[in-house]
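The values are calculated or read from the model by the stated rules, or taken from the named source; none is laboratory data. Just so we're clear, the structure is a prediction, and the values are computed from it rather than from any experiment. No Cβ is skipped: glycine too gets one built from the backbone with ideal geometry, and neighbour counts run over all protein chains shown.
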Amino acid sequence: MTRGRRARLLAGVLLLAWSAFMVRMTLWPHFAHHRADQALNSVITAVSGHKAHQSFVHGRWEHLGNVALFIPYAVLLRLVGLRTWMVIAVSAVTSGAIELAQKLWLPDRVSSLSDVVDNVAGALIGVALMAAIYKVQDRRRT
């Protein structure tokens, strides 16, 4: 097996693992997120000495999390060989499917078009990161 083929295989395995993580984070009830809120607030309280009452599930943190969730997804899609436009399309469809599933089957979750926008923004960052890496690699080869 060639080095490139091994790298794509590894990227594919990591993509499956990341996809499973995405399913867990987006298609499960919120209780796990509230436990994460409690844990993060405990850390902030311990470090700062002030009681933290911040929700990491809502507001800016939610948007940041939605963006961050799709950066590795886009990187891995690119590493398995998808072209840039396909990575963006697959990311948009994946995000739309997640939001539709939340709306149809998870009444405790809130589906939102802004989540799709955040997810696609994360995919764009991932694609841009890969473009920069490929450019550096090309320069090193010449």
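Apart from one condition, V47 fits all of (1) touching a helix residue (DSSP H, G or I) at 6+ places or on another chain (Cβ under 8 Å); (2) in a helix (DSSP H, G or I); (3) more than 20 Å from G12 (Cα to Cα); the exception is (1). Looking only at residues of segment 80-109 that are of a type in the set (A, V, I, L, M) and under 16 Å from L124 (Cβ atoms), we find that the one that is surrounded by the most Cβ atoms within 10 Å (Cβ to Cβ) is V87. The residue of segment 115-142 that is surrounded by the most Cβ atoms within 10 Å (Cβ to Cβ), among those that are of a type in the set (S, T, N, Q) and at pLDDT below 95, is Q137. Selection of segment 93-142 for residues being in contact with a Phe, Trp or Tyr (Cβ under 9 Å, 6 or more places away or on another chain) and small (G, A, S) yields S95, A121, G122, A123, G126.
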